[in-house]
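In what follows, a structure is listed as structure tokens, so that the remarks can point back to it.
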Amino acid sequence: MTAEAPSHVYYFAVGTGVWRGTFTFRVTSWRRFLGARGLGGLNRLLVVAMCGTRLVTGASRLDSTIVARPDAGDFGEADNTVRLSAFGVPLYLLRERYVLDPDGTRVTVHAHERFGPLPRVMTRTFAYPAEIREAGMASTYHMPLLGTAWTATYHVGADRRSLAGELVCDWARATERARRVTGGGGGTEGPE
């Protein structure tokens, strides 16, 4: 019997379902943020707004729903919808499609994001690469956010129902902590 591909474990066996948790964001170096080239005025405004929101509301609520599509594409796909909110007000909406590479570790992510509660105002579509590591229990994403390059690393908990993530760039850090509340177990390596 061959081992299941790490990307199948990560998205189909562990990831599938509804996740809830918290999201935090902070600027780690205002000097580097202010000196960063290519951010643009809108991204700078969004960063200041995110910091202000965090000061007022604390951590944002994170809701994520991952739907496995193992028969899609060459090696399977998964869809993820992520919502960040504070006091019920939408702060961020991200819709992603993960296209799994037949090598079992590489992933191409196709994303559409929206900042704020208003549709079609602050939106964009983009793509970026990711790798699944540690037999499907960890991942690294190389994503362009807020006008700069970020590296996001995620680790699945030993219980296979919790996830801890850290997103970093040259001038900021964000964290995600989530727990699966429904779903999971969609493969031979399933948590249930």
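Residues in region 2-49 that are at positive phi and part of a loop (DSSP other than H, G, I, E, B): GLY38 only. Restricting attention to region 143-169, the residues that are of a type outside the set (Ser, Thr, Tyr) and farther than 23 Å from GLY116 by Cα add up to 9.
Pairs are defined by a Cβ separation below 7 Å, a sequence spacing of at least 6 or placement on different chains, a first member in region 66-85 that is within 9 Å of ARG97 (Cβ to Cβ), and a second member that is among the basic types (Lys, Arg); the pairs so defined are GLU77/ARG69; GLU77/ARG97; ALA78/ARG69; ASP79/ARG69; ASP79/ARG97. Taking region 52-92 as the range and being farther than 30 Å from GLY104 by Cα and either assigned to a loop (DSSP other than H, G, I, E, B) or of a type in the set (Val, Ile, Thr) (or both) as the test, the residues that pass are THR53, VAL56, THR57, GLY58, ALA59, PHE87, GLY88, VAL89.
The number of residues in region 141-184 that are modelled with pLDDT of 95 or more, surrounded by fewer than 14 Cβ atoms within 10 Å (Cβ to Cβ) and polar (S, T, N, Q) comes to 1. Looking at ALA158, ALA164, ALA149, just one residue is free of Cβ contacts under 8 Å to residues at least 40 places away in the same chain, not in a strand (DSSP E or B) and not basic (Lys, Arg), and that residue is ALA158.
Please pick out the residue among ALA78, ALA36, ALA72 that is modelled with pLDDT of 95 or more and within 24 Å of ALA164 (Cα to Cα). Residue meeting the stated conditions: ALA78. Quick check: anything in region 60-83 surrounded by 16 or more Cβ atoms within 10 Å (Cβ to Cβ), closer than 24 Å to ARG179 by Cα and in contact with a His (Cβ under 6 Å, 6 or more places away or on another chain)? No - not one qualifying residue is present in region 60-83.
Scanning region 107-140 for residues that are loosely packed, with under 13 Cβ neighbours inside 10 Å and at positive phi yields a total of 2.
The values are calculated or read from the model by the stated rules, or taken from the named source; none is laboratory data. Predicted, not measured: the structure shown is a model, and the values here were computed from it. Reconstructed Cβ throughout: ideal geometry from the backbone, glycine too, with neighbour counts over all protein chains shown.
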